[in-house]
Amino acid sequence: MSRKRARELAVQFLFQMEVRKEDHVGLMEDFLEDYPMQEEDMRFFRENIEGTVKNLRDIDILISGKLKNWTLERLPGVDLAVLRNALYEIMYRDDIPIKVSINEAVDLAKKFSDSESGVFVNGILGNLVREHDLQ
């Protein structure tokens, strides 16, 4: 497996967590039984999930600030999960270049959502990176 696949599973997990409205700890073991990973990928997956959940309030505030005539609740769940994971990586992980996080997020949005989601995700993340001088 790779970070790419672990990131994909993290987005799927965040989506599932949001849809089911359950705590991540309760869902984690069941999810990992269905999607076993090598130790290094598991560590990356867990760090992304735990970091995203820990910083979810701040991440959601940033996303909300960029939505025009929309709310987080109205966003497609996949797009929200992709944005949350990418913003966690951009803001809290020094080991991943920002461009990599954005490119991976765009690819995931295209893969799991509709054709316009990639453009939407790229726009939100690009604006936040520029606005907060995160480059």
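Please treat every number below as a calculation from the coordinates, not as lab data. Values in this document were obtained by computation on a predicted structure and should not be read as measured data. Here the Cβ is made from the backbone with ideal geometry for all residues, glycine too, and neighbour counts use every protein chain on show.
Worth pointing out:
- Computed [θ] at 222 nm, deg cm²/dmol, the chain (DSSP H ≥ 4; -39,500 (n - 2.57); rounded to nearest 500): -24500 deg cm²/dmol
- Ranked list, fewest to most other Cβ atoms within 10 Å of each Cβ, for Glu39, Glu131, Glu89, Glu47: Glu39, Glu131, Glu47, Glu89
- Going from the residue with the fewest nearby Cβ atoms within 10 Å to the one with the most, Glu116, Glu18 rank Glu116, Glu18.
- Value of D in µm² per second that Stokes-Einstein yields for the range 3-131, Kirkwood Rh from Cα pairs, at 20 °C (1.002 mPa s): 147
- Each Lys or Arg adds one and each Asp or Glu takes one away; over the other residues whose Cβ falls under 15 Å from the Cβ of Lys54, this sums to -2.
- Packing-based order for 56-64, 97-105, using average beta carbon neighbours within 10 Å, highest first: 97-105, 56-64
- Leu27, Leu9 arranged by Cβ crowding within 10 Å, fewest neighbours leading: Leu27, Leu9
- Computed label-point distance, nm, for sites Val100 and Lys68 using a 7 Å Cα→Cβ extension: 3.3
- About its Cα centre, the dipole of the chain is roughly 500 debye, where the only charges are +1 on Lys and Arg Cβ and -1 on Asp and Glu Cβ.
- A straight Cα-to-Cα reach below 17 Å connects Lys99 with the aspartates and glutamates Glu8, Glu89, Asp107, Glu131, Asp133, residues fewer than 8 places away in its own chain not being considered.
- Applying the Karplus relation 6.51 cos²θ - 1.76 cosθ + 1.60 with θ = phi - 60° to the range 112-125 yields 3J(HN,Hα) values of 9, 10, 9, 5, 8, 5, x, 5, 4, 4, 4, x, 4, 5 Hz, where x marks Gly and Pro.
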